[in-house]
Amino acid sequence: MIRLIFASQNPHKVEEIRAILGQGFRVGGLEELGLRDDIPEPFHTLEENALAKARFVHEKFGVNCFADDTGLEVVALGGRPGVQSARYAGPARDDQANVRKLLEELSGISDRRAQFRTVIALILDGKKYIFNGIAKGSIATNPAGQKGFGYDPVFIPQGHSSTFAQMEAGEKNRISHRRAAIRKLVDFLQDISASG
């Protein structure tokens with residue numbers, strides 16, 4: 001059985017990964033290590049931040065682990081908010097303030113193309129691996145929907161007319177950036193498990 005720590009304080013994320021991986025893997029969150037503080041994310045790219053979190057846990061506890069970082073990248077804003085997505089309107093991580101700032105910056109702009117991108121960094125037996133997941137779409141002119149979190153009320157995924165916040169969790173998860181990155185991680189781990 002492969003034991004992994006997911007460098008996350010979010011129990012819902014840990015449960016989701018656990019369910020996807022299934023038999024043959026034991027996945028725990030940071031609480032299993034007694035780590036309750038946020039791990040710093042000081043870098044300018046999603047890749048660097050995800051890798052920094054995974055390295056921190058690997059070096060401190062000597063365990064196989066993975067971490068993720070996600071950003072919303074808007075074409076007309078040159079890729080912003082990107083790595084600053086959670087703190088776009090300030091350090092408080094205020095979802096509503098972030099959405100307001102985004103819509104203000106896009107006011108009068110017709111090019112609303114955007115993508116959510118999740119990067120997962122895995123450190124397994126001392127080697128590092130990176131997995132990307134992308135959900136392409138556009139930014140709505142007004143928020144809609146009560147589900148989800150972050151920018152979900154203004155993100156309309158490609159091929160759909162509803163925002164992520166208007167979708168049931170199952171529908172969103174099937175097409176989400178996080179699910180795409182997790183799927184690549186899972187496929188890689190299952191290949192290793194099968195060949196081991």
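Computed from phi, the 3J(HN,Hα) profile of the stretch 122-129 under the Karplus parametrisation 6.51, -1.76, 1.60 (θ = phi - 60°) reads 10, 10, 10, 6, x, 9, 9, 9 Hz, with x in place of Gly and Pro. Angle of helix 46-61 to the longest C-alpha principal axis of the chain, folded into 0 to 90 degrees and rounded to 10: 30°. Working from label points 7 Å from Cα in the Cα-to-Cβ sense, the A144 to E105 distance is 2.3 nm.
Counting other beta carbons within 10 Å of each residue's own, what order do T45, T163 fall into, fewest first? Walk me through the numbers on the way to the answer.
Numbers: T45 13, T163 25.
Going from least to most buried by this count: T45, T163.
With θ taken as phi - 60° and the Karplus curve 6.51 cos²θ - 1.76 cosθ + 1.60 applied, the whole-hertz 3J(HN,Hα) list for the stretch 12-27 is 5, 5, 4, 5, 4, 4, 4, 5, 5, 5, x, 4, x, 9, 10, 10 Hz, x standing for glycine and proline. Of the residues H44, H177, H160, the one with the fewest other Cβ atoms within 10 Å heads the list, and the complete ranking is H44, H160, H177.
Between F61 and D94, the FRET efficiency from the beta-carbon distance, with R0 = 30 Å, is close to 0.40. Please determine, in degrees from 0 to 90 and to the nearest 10, the orientation of helix 177-195 with respect to the longest principal axis defined by the Cα atoms of the chain, where the helix direction is its Cα long axis. Orientation of helix 177-195: about 20 degrees from the principal axis.
Computed 3J(HN,Hα) for the stretch 104-120, one whole-Hz value per residue from the Karplus formula 6.51 cos²θ - 1.76 cosθ + 1.60 where θ = phi - 60°, is 4, 5, 9, 4, x, 9, 7, 7, 9, 4, 7, 8, 8, 10, 10, 10, 10, glycine and proline marked x. Annotation: lysines with alpha-carbon distance below 20 angstrom to K60 (same-chain offsets under eight excluded): K127, K128. Mind jotting down the distance between the C-alpha centroids of the stretch 2-40 and the stretch 82-127, whole Å? Here the two parts' Cα centres lie 23 Å apart. For K147, the lysines whose Cα falls under 26 Å of its own Cα, not counting residues fewer than eight places away in the same chain, are K13, K101, K136, K172, K184. Rounded to the nearest 20 debye, the dipole size of the chain about its Cα centre is 240 debye, using +1 on the Cβ of Lys and Arg and -1 on the Cβ of Asp and Glu.
Taking label positions 7 Å along the Cα-Cβ direction at both R113 and K127, the computed distance is 3.6 nm, reported to one decimal.
What base-10 log of the normalised intensity I(q)/I(0) is obtained for the stretch 93-196 from the Debye formula, alpha carbons as equal point scatterers, at q = 0.10, 0.16, 0.20 Å⁻¹? The computed values of log10 I(q)/I(0) come out as -0.36, -0.75, -0.99.
If you wrap the tightest convex hull around every Cα atom of the stretch 32-131 and split its volume per residue, you get 101 Å³. Computed over the chain, the per-residue total of -39500 (n - 2.57) for DSSP H runs of n ≥ 4 gives a 222 nm mean residue ellipticity of -10500 deg cm²/dmol, rounded to 500. Taking every Cα-Cα distance in the chain and sorting them into 5 Å bins from zero, the calculated P(r) comes out as 1, 8, 15, 19, 19, 15, 11, 7, 3, 1, 0, 0 percent.
For C65, the amide hydrogen comes within under 5 Å of the amide hydrogens of I5, I123, counting only partners 5 or more places away or on other chains and with H modelled in the peptide plane.
For the stretch 69-121, report the convex hull volume of the alpha-carbon atoms normalised per residue, in Å³, without decimals.
Values: hull volume 3.7 nm³, N = 53.
In the stretch 69-121, the Cα hull volume divided by residue count equals 70 Å³.
Each value in this text was obtained by applying a stated rule to the coordinates, not by laboratory testing. Here the structure is a predicted model, which is why all the values come from computation and not from measurement. Reconstructed Cβ throughout: ideal geometry from the backbone, glycine too, with neighbour counts over all protein chains shown.
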